[in-house]
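K.L.:
I'd like to ask some things about the structure below.
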Amino acid sequence: MQPLRKLLSVCVLSPASKRLYHKNLGIIGVPFCHGQGKSGADKGPEAIRAADLVKKMNNLEWNVKDYGNLDMNELPSPNVGHPAVKNSRLVGSVLRRVSHAVQELMSDNDMLLVLGGDHSISCGSVHGHLMRQPRSCVIWVDAHADINTPHSSFSGNAHGMPLSFLIPVLQQHVGKIDGFEWVRPCLSHQSLAYIGLRDVDPGERYIMEKLGIKNYSMGEVDRQGISRILEEILDSINSRGDKSIHLSFDIDSLDPVFAPSTGTPGIVLV
């Protein structure tokens with residue numbers, strides 16, 4: 001747990017938070033699983049809450065307000081939309097609601113915690129964050145790069161594509177996707193870094209190398225230590241220390257021995 005605590009401390013101690021006397025944390029759940037093909041991810045928000053999330057954050061001296069779950073009523077039917085992105089109209093509609101919720105709740109809180117849900121929802125959470133605070137950077141903690149375009153993805157699952165919809169220089173490879181017309185590409189690839197990668201598709205590897213996106217495998221974290229990794233990342237994507245930090249964490253970045261319930265555990269490399 002020590003690496004995760006260190007990562008969280010980076011967000012808590014961002015430039016804005018250092019000036020806080022009272023730290024207000026908002027929580028919203030997104031019980032959604034249609035960005036991939038397995039059921040269960042939609043149970044994530046309640047499972048995390050049941051593990052005493054609010055109590056633990058209170059113990060860290062946060063003033064917590066839980067806003068419940070995102071409204072999931074009156075959504076498009078699954079299996080409708082673009083042929084290269086499964087359930088694209090449904091996924092796009094949910095992500096739009098996530099973005100709007102993040103934008104609204106950020107105005108009332110010093111930090112916002114979005115509970116998923118499969119990782120497709122991160123497209124909405126990052127989008128909402130950057131709409132409110134354009135000068136931001138993203139640390140992506142994940143076993144997978146999640147930067148496939150609809151045309152490089154083997155599966156067609158949106159949970160492997162969220163970043164490609166957000167990065168301007170990739171839009172020529174994304175094209176127009178039903179349900180995603182509202183997305184404004186707003187994340188510079190120079191403001192993105194990865195921690196924990198161990199299962200990267202060939203198309204994703206090409207994109208990362210072509211764009212020079214900083215990335216660290218979990219093996220590198222073990223060898224160098226999380227403190228050193230974070231220093232290098234922040235020197236790269238937030239060198240002046242004046243950007244807001246968005247931390248996106250996927251449970252599959254953990255060893256499946258410790259997190260066996262994740263639907264996409266990947267391969268552990270030593």
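K.L.:
Just for the range 65-80: of the residues that are more than 17 Å from residue 44 (Cα to Cα) and touching a Lys or Arg at 6+ places or on another chain (Cβ under 9 Å), which one is surrounded by the most Cβ atoms within 10 Å (Cβ to Cβ)?
P.N.:
That would be 76.
K.L.:
Quick one: in the range 112-130, which of the residues that are β-branched (Val, Ile, Thr) and within 16 Å of residue 69 (Cβ to Cβ) is most open to solvent (accessible area, probe 1.4 Å)?
P.N.:
Per the criteria, the residue is 114.
K.L.:
Quick one: which residue in 133, 103 is in contact with a Ser or Thr (Cβ under 6 Å, 6 or more places away or on another chain), closer than 30 Å to residue 235 by Cβ and surrounded by fewer than 22 Cβ atoms within 10 Å (Cβ to Cβ)?
P.N.:
So the residue among 133, 103 that is in contact with a Ser or Thr (Cβ under 6 Å, 6 or more places away or on another chain), closer than 30 Å to residue 235 by Cβ and surrounded by fewer than 22 Cβ atoms within 10 Å (Cβ to Cβ) is 133.
Here's the yes/no breakdown for (1) at pLDDT 95 or above; (2) among the acidic types (Asp, Glu); (3) open to solvent by 10 Å² or more (accessible area, probe 1.4 Å); (4) within 21 Å of residue 141 (Cβ to Cβ):
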site	(1), (2), (3), (4)
167	yes, no, no, yes
191	yes, no, yes, yes
194	yes, no, no, yes
199	no, yes, yes, yes
211	yes, no, yes, yes
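Condition check ((1) assigned to a loop (DSSP other than H, G, I, E, B); (2) in contact with a Pro (Cβ under 7 Å, 6 or more places away or on another chain); (3) of a type in the set (Ser, Thr, Tyr)) across all residues:
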| residue | (1), (2), (3) |
| --- | --- |
| 145 | yes, no, no |
| 148 | yes, no, no |
| 156 | yes, no, no |
| 166 | yes, yes, no |
| 169 | no, no, no |
| 172 | no, no, no |
| 177 | yes, yes, no |
| 180 | yes, no, no |
| 203 | no, no, no |
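K.L.:
Which condition breaks for residue 218 when tested against (1) closer than 17 Å to residue 248 by Cα; (2) open to solvent by less than 50 Å² (accessible area, probe 1.4 Å); (3) in contact (Cβ under 8 Å) with a residue 24 or more places away in the chain?
P.N.:
The single condition residue 218 does not satisfy is (2).
K.L.:
Now for a separate question. Does residue 207 count as open to solvent by less than 30 Å² (accessible area, probe 1.4 Å) and either within 25 Å of residue 156 (Cα to Cα) or touching a Cys at 6+ places or on another chain (Cβ under 6 Å) (or both)?
P.N.:
So residue 207 passes the test.
K.L.:
Please tell me if residue 83 is touching a Lys or Arg at 6+ places or on another chain (Cβ under 8 Å) and over 20 Å from residue 247 (Cα atoms).
P.N.:
It is false that residue 83 is touching a Lys or Arg at 6+ places or on another chain (Cβ under 8 Å) and over 20 Å from residue 247 (Cα atoms).
K.L.:
Which ones in the range 171-189 are in contact with a Leu (Cβ under 8 Å, 6 or more places away or on another chain) and either at pLDDT below 95 or open to solvent by 10 Å² or more (accessible area, probe 1.4 Å) (or both)?
P.N.:
Scanning the range 171-189 gives 179, 180, 183, 185, 186, 189.
K.L.:
I've got another one for you. Hand me the list of helices (runs of 4 or more DSSP H) wholly inside the range 15-123 holding 2 or more residues that are under 19 Å from the mean Cα position of the chain (by Cα), modelled with pLDDT of 95 or more and under 22 Å from residue 174 (Cα atoms).
P.N.:
Those helices (runs of 4 or more DSSP H) span 88-106.
The values are calculated or read from the model by the stated rules, or taken from the named source; none is laboratory data. Since the model is a prediction, treat every value here as computed from it, not as a measurement. Note that we place each Cβ from the backbone using ideal geometry, even for glycine, and neighbour counts take in every protein chain shown. These area figures cover heavy atoms from the full protein model, side chains too; ligands, DNA and RNA do not enter into them. Shrake-Rupley method; radii C 1.70, N 1.55, O 1.52, S 1.80 Å.
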